[in-house]
Structures are given as structure tokens and as C-alpha cells.
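Readers should treat all values here as calculations from the given coordinates under stated rules, not as data from a laboratory. Quantities reported herein were computed from a predicted structural model and do not represent experimental measurements. Ideal geometry is used to build each Cβ from the backbone, glycine not excepted, and the neighbour counts take in all protein chains shown.
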Amino acid sequence: MALSRRSFLEASAALATSAVVGSSANGADVSAATGEAAACPHPFLTPADDFYTVARGNPKPHTLTGQALADARMTPETWRLEITADPFVEPPHVRMPASVQRPLTLADGTALDLPALMELGKTCGVKYVKVMQCLNIAEPLGQGLWEGVPLREVLRLCGELDNVRRIYYRGFHNHDPEQIFQSSLSYTQAMETPPGELPAFLAYRLNGEPISPERGGPVRMIVPWAHGFKSIKWLQQLFLTNDYRTNDTYALQNNDPESYLKTAAYVDTGPDRFAAGQAVVVTGRVISGLSGLDRVETFLRTGLKQDDARLDDNDPALRSADWRFCELAAPPDWKAILPAGVSPNELLGFDPDTGQPLTWPPRYGMASWTVVLRDLKPGLYELYARAVDRNGYAQPEPRPTKKSGRNFIQCRRFEIA
Ligand SMILES: Nc1nc2c(c(=O)[nH]1)N[C@H]1C(S)=C(S)[C@@H](COP(=O)(O)O)O[C@H]1N2
Ligand SMILES: [Mo]
């Protein structure tokens with residue numbers, strides 16, 4: 001697993017600005033806030049190159065260039081998608097194999113190409129904002145505006161499906177079975193979407209641009225509600241199976257393969273020493289997961305000694321701490337940050353009349369938060385942050401098990417000297 005990271009925290013210079021911008025999370029009490037401006041410490045849309053990359057493979061497919069990239073069918077011209085039925089049976093669990101009326105294959109020249117996928121996008125394309133988050137990394141990887149075609153529309157190209165209980169999908173893996181990285185959805189998850197929710201889809205544009213090889217292009221699966229392992233890069237193959245088990249590569253690594261994104265706040269790193277009298281700016285991000293976001297809260301722990309350990313998530317002192325409402329950065333000026341030609345009114349998760357997100361942050365999206373602390377006496381401090389979801393659960397609840405996604409309570413330690 002390779003992890004690379006570029007600019008993680010934007011310069012905090014823009015932070016010490018004017019009055020409180022109106023973004024009270026779902027009507028929560030703003031009076032307890034710091035009373036400081038919540039200028040956005042992160043760009044709302046992460047530039048494609050600034051995502052934190054999680055990629056397997058030797059060589060990593062996105063490092064291929066020239067003819068090797070074309071041979072991998074990872075260029076817009078060479079990209080193809082195969083859709084086939086899996087003959088797998090295993091009585092008594094799986095008695096009949098899946099079947100598909102019109103498979104799409106390379107062998108008979110019917111595999112889907114990029115122009116055909118984009119043509120489909122003209123009539124049934126979707127656009128939405130979604131954060132990418134790895135189940136095993138305690139930090140959002142980046143947030144993009146993704147555009148593409150719902151998986152169900154692509155499956156409909158294949159005519160009648162029978163005995164199909166799961167849809168599996170894989171990306172380019174150097175033609176080496178050992179390197180296969182696969183994920184899956186149930187038939188229902190692929191075909192049906194609750195109103196107002198976001199469908200699984202085949203993405204071919206990120207932030208208004210073609211998807212780069214590093215971000216999984218030319219075509220990548222995006223499963224909006226799930227952690228990154230469901231969003232397979234360099235997509236090449238769908239196979240339809242009657243095996244109902246979730247044999248995702250991540251399941252084999254002890255993760256909950258049906259985990260949803262968790263509502264959780266994350267704390268940015270930053271300087272650990274400030275001069276007395278200097279304002280301390282602590283920033284972070286919050287993801288709105290399955291249970292939505294009501295508010296972010298922070299707790300300033302004071303009077304620490306150098307060798308004091310940070311408070312554990314289960315520490316009663318943390319549970320009963322003096323948690324204060326924390327201001328979120330307001331929604332951005334959509335016209336200024338969306339790619340040319342994209343209107344906020346057409347984004348899923350946004351109100352088609354007002355062009356504003358239906359929730360803040362948008363469903364399976366993220367926003368930034370900022371706390372400004374002034375007049376702190378010399379000493380050692382820790383600033384903790386937690387999210388409270390729309391069912392009233394405070395992080396790390398309701399799902400503290402880390403193999404369903406990382407959401408322990410983060411803190412930043414700093415000294416006033
Ligand atoms: N083909 C393929 N797709 C993949 C992976 C991979 O290794 N190979 N890694 C997955 C994991 S575990 C994560 S968290 C996300 C990371 O997406 P990013 O690199 O665009 O941030 O990609 C997913 N898609
Ligand atoms: Mo991941």
C-alpha cells in the first residue's frame with residue numbers, strides 16, 4: 001500500500017478574518033462558539049493532484065506511461081469495460097449460476113468504450129460532491145466533484161439479468177491474479193437509490209477534468225456512501241454473480257466490507273508552539289457519513305504536564321468534558337469553485353431551485369472547521385474535536401470499531417510559551 005500526500009493544510013494566513021459567517025449546523029447554538037470567523041482552511045474541492053493516494057500494484061498502474069498505459073487500456077482511446085456473468089455455483093449456497101442476456105466482451109468486440117459511456121452520460125449522467133476516505137486511514141483523502149453514469153444505466157445495456165445477487169468489479173491489475181483488487185455491491189444497491197441519495201456510478205470526470213491515471217482514470221467506480229475500497233480505480237471489468245457473499249479484497253483484510261462512511265471530525269496538524277498573546281488557530285475537517293452531521297464540538301484540555309498521555313476515547317474525563325459548539329466554514333460561493341458550465345442546481349444532494357446543498361456539509365461530503373483561541377496562559381494544552389451525528393451520537397459512537405472506519409477522537413497538542 002502506497003501512501004503519498006501533498007499539501008495537506010492550506011496556509012492559515014487567511015484565517016484571522018472578520019465576523020462569524022452564518023453556517024450554524026442545523027440550528028445548533030452558535031452563542032457557545034468562539035465568536036471568531038470560520039474562514040475555510042481547506043479548499044472545498046481538493047485539486048485532483050492533492051488527494052492522498054492509496055494504490056496497490058507492482059508497478060502501480062498509474063505510474064505506467066506511453067505504450068504501457070495504452071496496452072493497459074488506461075487511455076481514453078483504449079479504455080474498455082467488460083461485463084460478463086460468473087459461472088460460479090456452490091450448492092447448497094449457490095445453486096444456479098448468474099446469466100446475462102447481452103454480455104459485453106473484448107473477444108466479440110462489444111466491450112463498452114469511453115465515447116459510448118459519455119454518450120450515455122448526456123442523457124442520464126449525474127454529478128455530485130463526495131469525499132474519498134479510506135477505511136484504514138484516519139484522515140480524509142480529498143473531496144471531488146465527480147461526474148459519470150449510474151451503474152444501473154450501464155447494467156441496463158446488458159438486457160435481462162438472471163440469478164444475479166452481486167455485482168463485482170475490478171480495475172487493471174497488471175494481468176496478475178495476485179494483484180486483483182476487487183469490490184462489490186448487492187444487486188439492489190446497484191439498481192435502486194432512495195430519493196435524495198446518491199447512486200453508485202462510473203465516473204469519468206473529476207472537478208470538471210478527465211480523471212487522471214493517479215485518480216483512477218479514465219473511468220473509476222464511485223460508491224458515494226462507502227469507504228474508498230469500493231471506489232475501484234482503472235475500472236475494466238464488471239462480473240455478475242449469484243454468490244451473495246461480500247468477497248471484497250478489503251473483507252479478506254478483516255474490514256467490515258459493508259461499512260458506510262462514518263460521521264467524524266478530523267484535526268489538522270500544525271505548529272505545536274505559540275508565543276503568549278498570539279492567537280492559536282486550530283483547524284480540521286468533518287465528514288457527514290451515514291448518520292449525517294448535527295455539529296462539531298471541541299474541548300480544550302488545560303493544565304497538562306509534559307508526560308501526560310492524551311485522553312483515551314473511553315476516558316470518563318473526555319466523555320464529561322466541557323465540549324463547545326464549533327463553527328463550520330460556510331458553504332463556498334458555488335459559482336466561483338465549480339468548473340465552468342456546472343451549476344450547483346444540477347448537483348445531486350443540492351436543492352434544484354436554490355442551488356444550495358440540502359445539508360451542510362453535503363451528504364457524504366465534508367466541510368472545514370476552525371477554532372481561534374486567544375489569551376491562553378503559558379502552558380501545555382490539547383484541543384479535541386468530535387462530531388455529533390443527527391441521531392445525537394457523539395464520536396466515536398455509534399460505531400467505535402476501527403475496522404468499520406477510523407473515527408477515534410483526534411486532538412492537537414500545543415504549548416504557549
Ligand atoms: N484498482 C484499484 N482501485 C482502488 C485501490 C487500489 O489499490 N486499486 N485502492 C482503493 C482504496 S483502499 C482507496 S482508500 C481508494 C483511494 O483513492 P485515491 O487514491 O483516489 O485517494 O482507492 C481505492 N481504489
Ligand atoms: Mo482504502
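The local environment of residue 62, defined by Cβ-Cβ distances under 14 Å, has a net charge of +4 under the rule Lys, Arg +1 and Asp, Glu -1.
Counting other beta carbons within 10 Å of each Cβ, put 149, 219, 126, 94 in order, fewest first. Before the final figure, lay out each step's value.
Values: 149 24, 219 28, 126 21, 94 18.
Ascending Cβ contact count within 10 Å gives the list 94, 126, 149, 219.
Between residue 333 and residue 258, the contour length at 0.36 nm per residue exceeds the Cα-Cα span by 23.5 nm.
Please report the projected area of the stretch 48-253's Cα convex hull averaged over all directions, in nm². Walk me through the numbers on the way to the answer.
Working: hull surface 46.9 nm².
Orientation-averaged projected area of the Cα hull: 11.7 nm².
If the segment from residue 309 to residue 137 were pulled out straight at 0.36 nm per residue, it would be longer than the present Cα-Cα gap by 59.7 nm. Distance between the C-alpha centres of the stretch 220-255 and the stretch 100-137: 14 Å, rounded to the whole angstrom. Between helix 114-124 and the chain there is an angle of about 70 degrees, using the helix long axis and the longest principal axis of the Cα atoms.
Its alpha carbons give the chain an Rg and a Dmax of 22.8, 74 Å. Straight-line cross-link partners of residue 377 among the lysines, defined as a Cα under 22 Å from its Cα and at least 8 positions apart when in the same chain: 305.
How do 191, 74, 96 line up, fewest other C-beta atoms within 10 Å first?
So the ranking, lowest neighbour count to highest, is 96, 191, 74.
Per-residue ellipticity at 222 nm computed for the chain from its helices equals -2000 deg cm²/dmol, with DSSP H segments shorter than 4 residues left out and the rest contributing -39,500 (n - 2.57). The phi torsions of the stretch 396-404, fed into the Karplus equation with coefficients 6.51, -1.76 and 1.60 and a -60° offset, translate into couplings of x, 5, x, 10, x, 5, 5, 7, 10 Hz, rounded to whole numbers, with Gly and Pro shown as x. For the cross-link pairs 262/403; 127/402; 60/402; 230/402, the ones whose C-alpha atoms lie over 23 Å apart are 127/402; 60/402.
Given in Å, the Rg to one decimal and the Dmax to the nearest whole number for the Cα atoms of the stretch 228-315 are 20.6, 65. The phi-based Karplus calculation (6.51 cos²θ - 1.76 cosθ + 1.60; θ = phi - 60°) puts the 3J(HN,Hα) values of the stretch 340-355 at 3, x, 9, 9, x, 5, 9, 7, 5, x, 10, 6, x, 8, 8, x Hz, whole numbers, x for Gly and Pro.
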